[in-house]
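The values are calculated or read from the model by the stated rules, or taken from the named source; none is laboratory data. In this text, all values refer to a predicted model and were calculated from it rather than measured experimentally. Reconstructed Cβ throughout: ideal geometry from the backbone, glycine too, with neighbour counts over all protein chains shown. Each accessible area value is taken on the protein alone, full model and side chains, heavy atoms only, with ligands, DNA and RNA left out. Shrake-Rupley method; radii C 1.70, N 1.55, O 1.52, S 1.80 Å.
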Amino acid sequence: MVIASHNRVSRIVYGTVGPERQFTTHKLRSRQGVIVIENRLGPGARIMLSSRTAANRLVRHAIRWQHSSAQPTVNSVTSEDIVHFAKFLPQNAILSTLPPISVPPSEIEQYNADWMGKYRGRSTTVLRPQTTEQVSKIMKRCYERRIGVVPQGGNTGLVGGSVPLKDELILSLSNMSKVRSFDPNSGALVADAGCILEALSEYISLHNHIMPLDLGAKGSCQIGGNVSTNAGGLRLLRYGSLHGSVLGLEVVLPDGTVLDNLSTLRKDNTGYDLKQLFIGAEGTLGVVTGVSILTPPAPQAVNNVILAVPRFENVLPLFKLARQHLSEILSAFEFIDRTAYELAVKHGQGRGLSDEEIEGAECFVLLETSGAERAHDEEKLNTLLETLLESSQPLITTGVLSQSPAQFASLWKLREGVTEAVAKEGKAYKYDISIPLASFKEVVDATRERLRSKGLLREDAVRHVLGYGHVGDGNLHLNIAAAAYTPEIESALEPFVYELVASYKGSISAEHGIGAMKTYAIQYSKSAVAIDMMRRIKQVFDPHGIMNPGKVLE
C-alpha cells in the first residue's frame, strides 16, 4: 500500500501486483471538513463521507485486501523445529518444505488454500497428530518459540478462518478420527475432533440416533471445526445450536496445557461454563481435540415438501401457519429465491418442480418434518397443504410432497446444492447474516441495486445476486457470483452489506464465523465494550498471540 499526501489532497493506492489483481486508486479531496472520494475504477463514482470515516474505510480496506492487518509478532517454523517435532511424531505426520523433510510445496497446497480459492497462505509445515498428547507437545514447543498456529479441520469454511494468512504452522486434526464412546441410553457421543460429521452420523445411526446438526459439507467437515465455528445448519430449528448440544470439550491451550472438560452430564452448575468460550472461538483460544455432544433419537418418520411461493411477502405467514399446523414435527423451513433455485437446477442439483409449476413463483420454501409416526405426520402435512391451497388468497401456487426416500433426498439436494451451483458460476462473495425474516428480500434487492449503480452487474463482473437460508432462525445466505475476486467488487460490497445489516440490528455472521474476512467488521455487530472484553479473554488464554493470528479480532 502506498499513501502519499500533498497539501489537502491525499492519494491512496492499494492492491497487489499480479495477473488477478490490479491496483486501485482513490483520490481524497477535503472540502469543508468532508472528504470526496473519486473512485477511478467506476464510471464517475463519487461518495461523500466524513474525513475520519473515509480515511478509516480506505486504509482499512487496503490493509484487508493485502491480508497485512496488524497482528502479534510470531515466528516462522525452522528446520530445528522440524527436528524437534520428529522426536514424537511419526514421519507421515509431518509435511514440510523445510529440511530434513523437504516435501515439494504441492504436497501442502491443499492445506494452504481454502476451497473457494479466495484465501491462500504460505505455510511451510503441516503437522497431523494422532493424539491429544501429541497436540500438547506441539503447542508447548510453539508457545515457547512463539510460532503462529492455525488449527485446521476439514477446511470447508467460508471466511478464511482455517488457512494461514502468512507462514503459520498448520495443525491438521484429520488424523484424530476415533469415536471414544457412545451411550445409547443418554445419547452422549464422545469423539475426536477430526471425526467427519457424516461418519459420526453413520456411526450413531446404527444406534437409532442422529447428529443435532446437518450441513451441506457434512461429507468433509469435522466435528471439531463445527464446534470451533459454532456451525448452525439445517437442523437448528428443531435441535438448537451447539451451545446447547455440546456437553463438554477437551481443549489443548496455547501453552500445551490440556483442559479436560469432556463431561457427558447434561447438568453441571459448578462455576463458569468454560466450554462455551471455545464454541465459536475459531481456534483463537486453543485447539479443540475432543467433543462430547448430545445426540437426539432418530425420528421414525421424515417427510419434506417443496412449495412454490408467488410473492416473498407470503413466506412469513406461511412459516406461521406451518408452525401452527405442524408444531413439534417441524424440523426445517428453508427459503430459496428464484435465482438460487434456477442456478441449482442449471447445474444439476435436482429439480423439485416442473417448469409449468414454477411459473409465476418468486421464491420457494423447502419444509421438512420429522416425527414418530408417518401416518400422523402425513395427516398434519396434508391438512397444512389443503389450508394453503384452499385459502381465498392462497399463499402458494403449488407444492410437491416427497413420496420416497429417493425423492426426499432429491429435494434436499436441490437446497444443499445451491452452494455448489454458485461456485460453478464463478467466484462467490458470501455473506452469512442474521436479520429479521421480513427483510430477506429487501437485503438481496438492495445489494443487487448497489452493484447495478456501480456498473458492476454485468457478465464480466457480477453475474448473479441471490439469497437463500434458514427462515426458522433468521439466517440469510446472501451470495454474489462474480467472474473474479476484484477490489472493485469488494469495495462496492463492503462495508455496504455490513452497514445494511447493522441498520436492521442484525449480525454480520450467523453461522460461518468471523475468520479473516470479517475481523474489521465485527464492530457492526458488537459494541466497543464487548470487543474489549473479547480482547481481554484472548489475552488471558493466548498472551503470545500464537493462536490463529489475524482471525476474529484484528
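Miscellaneous remarks
- For LYS380, a cut-off of 14 angstrom between C-alpha atoms picks up these aspartates and glutamates, skipping any fewer than 8 places away in its own chain: GLU328, GLU368.
- Ordered from highest to lowest accessible area with the whole protein assembly present and a 1.4 Å probe, HIS347, HIS477 read as HIS347, HIS477.
- Cross-link reach is defined here as a Cα-Cα straight distance under 17 Å, omitting same-chain residues fewer than 8 places apart; for LYS518 the aspartates and glutamates meeting it are ASP114, GLU282, ASP432, GLU490, GLU494, GLU499, ASP532, GLU554.
- When the chymotrypsin sites (Phe, Trp or Tyr not before Pro) in the range 210-290 are filtered for DSSP coil states and for at most 11 other beta-carbon atoms within 10 Å of their beta-carbon, the remaining sites are TYR272.
- Note: the range 304-349, Cα convex hull, 78 Å³ per residue.
- Three-way shape call for the chain based on the alpha-carbon gyration tensor, with the a/c threshold at 1.5: oblate
- Computed from the C-alpha gyration tensor, the three semi-axes of the ellipsoid equivalent to the range 267-307 are 32, 17, 11 Å, from longest to shortest.
- Measuring nothing but protein heavy atoms, the accessible surface of the chain at 1.4 Å probe radius is 50 percent carbon and sulfur.
- Over 29 Å between alpha carbons, listed pairs LYS87/LYS166; LYS267/LYS538; LYS267/LYS551; LYS430/LYS551; LYS118/LYS454; LYS218/LYS275: LYS267/LYS551
- Taking all protein chains as shown and a probe of 1.4 angstrom, VAL345 keeps an accessible surface of around 30 Å².
- The H on the amide N of HIS464, modeled in the peptide plane, is under 5 Å from the matching H of ALA481, each at least 5 residues off or on a different chain.
- Summed side-chain charge close to ASN112 - residues other than ASN112 whose Cβ falls under 13 Å, Lys, Arg +1, Asp, Glu -1: -1
- Dipole check for the range 397-554: with +1 at the C-beta of Lys and Arg, -1 at the C-beta of Asp and Glu, and the Cα centre as origin, the magnitude is about 80 Debye.
- Under-5 Å amide H pairs with VAL103, H placed in peptide plane, nonlocal only: SER96, THR97, LEU98
- Once all protein chains are placed together, ARG235 keeps about 60 Å² accessible to a 1.4 angstrom probe.
- Ignoring aspartates and glutamates fewer than eight residues from LYS140 along the same chain, the ones with Cα atoms less than 19 angstrom from its Cα are GLU80, ASP81, ASP167, GLU168, GLU250, ASP255, ASP260, ASP542.
- Relative to one another, the C-alpha centroids of the range 504-554 and the range 271-348 are positioned 24 Å apart.
- With a 1.4 Å probe rolled over the protein heavy atoms of all chains, the accessible area of LEU388, LEU262 falls in the order LEU262, LEU388, largest first.
- 222 nm mean residue ellipticity, helices alone, for the chain (DSSP H n ≥ 4; -39,500 (n - 2.57); rounded to 500): -9000 deg cm²/dmol
- Per residue accessible area of the chain, 1.4 Å probe, in Å²: 43 Å²
- THR132 contributes an accessible area of around 20 Å² to the protein surface, as traced by a 1.4 Å probe with all chains present.
- Residues PHE541, PHE440, ordered by accessible area of protein heavy atoms at a 1.4 angstrom probe radius and largest first, appear as PHE541, PHE440.
- Relative frequency of Cα-Cα separations exceeding 20 Å in the range 239-327, percent: 56 percent
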